[in-house]
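The block underneath contains the structure these notes are about, expressed in structure tokens.
A short reminder: the numbers here are calculations on the coordinates, not readings from a lab. Keep in mind that what you see is a predicted model, and the values were worked out from it rather than measured. Positions of Cβ are generated from backbone atoms using ideal geometry, with glycine treated the same way; all protein chains shown enter the neighbour counts.
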Amino acid sequence: MDLAALLDRIADDVAPEIGRGAVADYIPALARVEPRQFGMAIAEVDGSVHGVGDWRRPFSIQSMSKVFTLALVLAHDDGVWTRVGREPSGDPFNSLVQLEHEDGIPRNPFINAGALVVTDELAHHGDATEALLRFLRKESGHPEIDVDSEVAASEAEHADRNRALAYFMASYRNMRNPVPAVLDQYVRQCSIAMSCHDVARSAVFLARHGLRNDGSRLLGQSAAKRVNAVMLTCGTYDAAGEFAYRVGLPGKSGVGGGIVAIVPGRCAVCVWSPGLDARGNSVAGVAALDRFTTLTGWSIF
Ligand code: DON
């Protein structure tokens with residue numbers, strides 16, 4: 001398959017969707033992003049990468065960071081599963097409602113409450129953000145990848161919902177470190193800036209059943225399968241059913257407008273376009289992944 005030609009065709013097909021939706025505005029620094037941007041990259045398991053549009057332009061990875069922090073924590077051990085569940089929430093990513101009924105145990109690691117627990121657990125093994133940056137820089141081949149401090153400051157200033165989630169879990173003894181320290185790490189992780197190229201290259205270990213770009217193993221085959229399974233069922237929050245229906249791949253979105261999706265055994269795909277639908281997923285991004293699996297037949301179903 002000529003993946004470069006495929007990407008050109010997808011970009012043409014989704015052109016009417018680019019700029020649709022609304023940029024995230026609850027983090028003011030994200031509200032200033034120009035919505036009419038689109039990029040897409042495919043990183044294959046053999047190491048080749050193809051891209052189209054703004055595929056080399058860095059953007060705020062936001063909740064896509066949650067895939068990498070989960071993988072890094074599972075690379076140590078699977079103890080985190082005593083502190084977070086594996087069921088879709090059916091609620092928005094920053095919802096508080098289930099936590100009280102479920103004794104401070106978040107439904108899954110991809111809603112904000114679950115990711116706060118993962119970051120807390122990762123921090124037990126050292127500096128969580130440094131571990132994440134080290135991994136992303138190595139896999140992408142771009143040592144300059146870093147936290148966007150303007151986005152981080154803006155997000156920290158408007159983090160009352162996440163603060164509430166973290167303190168609420170602390171009241172159930174489901175926080176090991178002090179809440180301000182966990183929140184600081186979480187915000188910095190979400191504020192990392194990367195391009196579609198960098199994200200796809202950094203996620204392709206999930207298509208390679210746990211093997212990194214240098215051939216070393218991050219995760220066992222079973223743990224890699226589990227991360228993909230949770231991405232499929234929980235990666236796009238209360239739209240996970242619709243995403244599976246349209247795209248048919250494990251995927252994780254972020255409110256910066258990025259979505260990363262995995263085709264096990266073949267490739268990782270990252271698409272970016274800042275306009276979001278009501279549930280926080282990129283409008284043109286979902287459309288592009290829909291075209292991708294339709295044209296290639298590479299859904300998991
Ligand atoms: O914590 C937040 O609200 C943001 N840093 C991340 C949310 C996000 O990306 C949800 N994804 N669609």
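Using Cβ point charges alone (K and R +1, D and E -1), the dipole size of the chain about the Cα centre works out to roughly 560 debye.
Calculated on C-alpha atoms, the gyration radius of segment 1-60 divided by its Kirkwood radius gives an Rg/Rh of 1.05. The phi-based Karplus calculation (6.51 cos²θ - 1.76 cosθ + 1.60; θ = phi - 60°) puts the 3J(HN,Hα) values of segment 158-165 at 10, 10, 4, 5, 5, 4, 4, 4 Hz, whole numbers, x for Gly and Pro. Taking a ≥ b ≥ c as the square roots of the eigenvalues of the Cα gyration tensor, segment 1-100 is classed as oblate, since a/c reaches at least 1.5 and a/b does not exceed b/c. As a proxy for reagent exposure, ranking H158, H50 by other Cβ atoms within 10 Å from fewest up yields H158, H50. Scalar couplings 3J(HN,Hα) for segment 267-284, obtained by applying the Karplus form with A = 6.51, B = -1.76, C = 1.60 to θ = phi - 60°, are 6, 10, 10, 10, 10, 9, 7, x, x, 10, 7, 5, 9, x, 10, 4, 5, 5 Hz; x denotes Gly and Pro. Sorted on the mean count of surrounding Cβ atoms within 10 Å across their residues, most packed first, peptides 232-242, 17-27 read 232-242, 17-27.
With 20 Å bins beginning at zero, the pair-distance distribution over Cα atoms of the chain amounts to 38, 59, 3 %. Loop-located trypsin sites (Lys or Arg not before Pro) in segment 112-204 (DSSP state other than H, G, I, E, B) with a sparse environment of at most 10 neighbouring Cβ atoms within 10 Å: R173. With a cut-off of 12 Å between beta carbons, the residues surrounding V286 carry a summed charge of 0, where Lys and Arg count +1 and Asp and Glu -1.
Rounded, prolate or oblate: which one fits segment 48-137, using the alpha carbon gyration tensor with axes a ≥ b ≥ c (rounded when a/c is under 1.5, else prolate when a/b beats b/c, else oblate)? Since a/c reaches 1.5 but b/c is at least a/b, the shape of segment 48-137 is classed as oblate. Remark: segment 110-122, residue by residue, has Karplus-estimated 3J(HN,Hα) of 9, 6, 4, 4, x, 5, 5, 5, 4, 4, 4, 5, 5 Hz, where x stands for each Gly or Pro and the curve is 6.51 cos²θ - 1.76 cosθ + 1.60 at θ = phi - 60°. Around the amide H of S195, modelled in the peptide plane, lie the amide H atoms of F59, all under 5 Å away and 5 or more residues distant in sequence or on another chain.
The simple Förster model, with R0 at 30 Å and r as the Cβ-Cβ distance, assigns S222 and H101 a FRET efficiency of 0.50.
Taking a point 7 Å out from the Cα of A153 in the direction of its Cβ, the residues of segment 19-35 whose backbone N falls within less than 19 Å of it are 26-33. Taking amide H positions as modeled 1.01 Å from N, with prolines and chain starts lacking one, the residues under 5 Å from F38 and 5 or more places away or on another chain are D54. Sparsely packed loop sites in segment 123-209 (the GluC sites (Glu not before Pro) outside DSSP H, G, I, E and B with at most 13 other Cβ atoms within 10 Å) comprise E144.
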